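Worksheet: one structure, shown below.
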């Protein structure tokens, strides 16, 4: 869009007025801010006082509630744990009495009278009865079993009398022969639906095995009774004779009483749950959730529930060191405490909904907020009136400032308008901006005009320099284009190469990183039965590398065509290249001569990349063998020859380091692995296609990144004499 002098004039005047307005606005803004600070001070004091009151009330309430909760929870949990723990302690006392008496009986049976002992009788259901039970397949008439039965009968009177005052729901003693004396009131549960007596594998039950392993009082996990299916825990203890276990005494404690206690605890956001020795909830009045009783098998080990360090709290409960703990459970916050239940190794957790305890505090704070809202509203109305008054005064000041600013702006704008008109008129060959008296204002405008005048003079000089540099660059570009064409003409470019020869197929390509490069490939017949293959890479890039490449190619070719072996050819070429090599250039060379009729070849690797070889229809793999030094590195260096054999169908791929060292935008290298993968996309393809596959792999990998090195490839497939 073209800018006219009037447009610039109006623009500068507008900016001048805006500058004045900004200054005035800043001054007024400072005044307004100071006023607002003072005006809102009262509002802040009211809010601060309100917040302080709320904080004091909240802090006092929370501290008081936490102290009350701490004392209450500690007392309640201690009583609850004692209540539940007494059941298990009494069970231990009952089974301990039976075990002590049984130990004496088994130690000296003749001192105790025998009693009649019968198998369960369903008619005795609901009455206390002593019953003989046995495992499946136990012969009750065998002498060993008969002896156990007689010993058990001697316990009948004692166990019947003990059961009348026992805390558990059954008492029994099982011997190592698979028979047991059972005292309870559930005789009918010993029979199945067909009236057949149920035989339980006593010695495979958890309570029996626990007693043998624990060697003292043990409790089972929560399980179902083998006869009634009721949920229970069994306390058992081994009975010894002469240091050997001869029987196990046990008592069953049905959990419905403890379940009733736990279920009845749920009231007004407060409840109790019990965890077993594995950290899992086994009794809870809550349905589902973290502290709910699991309904589908084993629950979660709460000692591993790491949210808000809940696992540490549960562990401290098991250790008996728990303090009051606050935890969010299923969307609600709870105060919690707990204690271990002795002697079974369970723990009891007691939780109280925090919202019930903080409700009075919240109500008080809400009332304070209502009072505060009314006070703040009054203060804000007064502040609003003051702001309106200031806005009116500010509008009057702005109008006056704009009037006087317009009068003063002409003194500044007129010289700038003349300067703008002259700059707009500059075009074509007329690039000079002369200094005139109009611009001599003695201020920044005069400095600006002088700068334009100086800039126009230097611009004319720069234009002349650009013309000269452009002409030189065009000349150099033309010479580089010619060098590129000359270099390309030196390499074999006619493909397919040697179409009259059916014993092999050959293809090669060279892509320089600059206009000219230091890589080259070559292939030619030494005689009718021997073909030479050359791939080389000169250190460096550009014209010096290209010249060194051409010299190296000619020297190596002349030696090979004179009948020298690859090792001899490179040795002589090396000595010649080392002469007057002040630039310190060297060339890595892979050279081979292959006998067409037999596939036998001799190769030299002078510091070059390892070639890749495909045997038959197999995949391409790198062929690694010891390198010789690069050519032109040192004079008098020998080059070790490597003999190899190519069979019909074998394919050889040789390349320069520009292939594996191609980089993507992230600076990662293409590397050998990706090159081999590209070759093995279609390993049996024609040589031209194999080279094209590698090029596509490089192009996809570099993703448009600049090429820093020449990339040269040669592929030779030996088909053999047909």
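The values are calculated or read from the model by the stated rules, or taken from the named source; none is laboratory data. Remember, it's a predicted structure, so these values are computed and weren't measured experimentally. Here the Cβ is made from the backbone with ideal geometry for all residues, glycine too, and neighbour counts use every protein chain on show.
The stretch 488-547 holds strands (runs of 3 or more DSSP E) entirely within its bounds, and those carrying 1 or more residues that are at pLDDT 90 or above and under 46 Å from the mean Cα position of the chain (by Cα) map to 504-511, 530-538.
Examine the stretch 585-602 for a residue that is free of Cβ contacts under 8 Å to residues at least 40 places away in the same chain, crowded, with 16+ Cβ neighbours inside 10 Å and under 48 Å from the mean Cα position of the chain (by Cα), and state whether such a residue exists. No. In the set 652, 669, 622, 613, which member is assigned by TED's automatic domain parsing to the domain that holds residue 584, free of Cβ contacts under 8 Å to residues at least 40 places away in the same chain, closer than 26 Å to residue 518 by Cβ and in contact with a strand residue (DSSP E or B) (Cβ under 8 Å, 6 or more places away or on another chain)? None of the others qualify; the one that does is 669. Residues in the stretch 627-648 that are within 24 Å of residue 577 (Cβ to Cβ) and touching a strand residue (DSSP E or B) at 6+ places or on another chain (Cβ under 8 Å): 627, 628, 629, 630, 631, 632, 637, 638, 639, 640, 641, 642. When the stretch 278-297 is filtered for residues that are assigned to a loop (DSSP other than H, G, I, E, B) and surrounded by 14 or more Cβ atoms within 10 Å (Cβ to Cβ), the ones remaining, listed by number, are 278, 279, 280, 284, 285, 286, 290, 291, 292.
Is one or more of the residues making up the stretch 101-112 under 60 Å from the mean Cα position of the chain (by Cα), at pLDDT 90 or above and not assigned by TED's automatic domain parsing to the domain that holds residue 215? The answer is no; no qualifying residue exists. When residue 160 is evaluated against the numbered criteria (1) surrounded by fewer than 17 Cβ atoms within 10 Å (Cβ to Cβ); (2) touching a helix residue (DSSP H, G or I) at 6+ places or on another chain (Cβ under 6 Å), which criterion, by number, is the only one it fails? The failed condition is (2).
Considering the stretch 210-237, and only residues there that are assigned to a helix (DSSP H, G or I) and within 21 Å of residue 346 (Cα to Cα), the residue that is modelled with the lowest pLDDT turns out to be 214. Please go through the stretch 340-358 and pick out each residue that is at pLDDT 80 or above and farther than 16 Å from residue 290 by Cα. 340, 341, 342, 343, 344, 345, 346, 354, listed by residue number. Inside the stretch 686-706, residues that are part of a loop (DSSP other than H, G, I, E, B) and over 23 Å from residue 590 (Cα atoms) make up a count of 4. The residues of the stretch 298-323 that are more than 15 Å from residue 273 (Cα to Cα), within 32 Å of the chain's Cα centre (by Cα) and not in a helix (DSSP H, G or I), listed by number, are 298, 305, 306.
Okay, residues lined up against (1) over 21 Å from residue 74 (Cα atoms); (2) in contact (Cβ under 8 Å) with a residue 24 or more places away in the chain:
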position	(1), (2)
278	yes, yes
282	yes, yes
294	yes, no
315	no, no
320	no, no
329	no, yes
335	no, yes
355	no, yes
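With respect to the stated conditions, residue 720 is assigned to a loop (DSSP other than H, G, I, E, B) and surrounded by fewer than 23 Cβ atoms within 10 Å (Cβ to Cβ). Selection of the stretch 573-596 for residues being assigned to a loop (DSSP other than H, G, I, E, B) and modelled with pLDDT of 95 or more yields only 596. Any idea which of (1) exposed (fewer than 15 other Cβ atoms within 10 Å of the Cβ); (2) in contact with a strand residue (DSSP E or B) (Cβ under 7 Å, 6 or more places away or on another chain) is the one residue 213 doesn't satisfy? Just one mismatch for residue 213, condition (2). In the condition set (1) more than 48 Å from the chain's Cα centre (by Cα); (2) more than 22 Å from residue 686 (Cβ to Cβ); (3) buried (at least 19 other Cβ atoms within 10 Å of the Cβ), residue 564 is compliant with all but (3).
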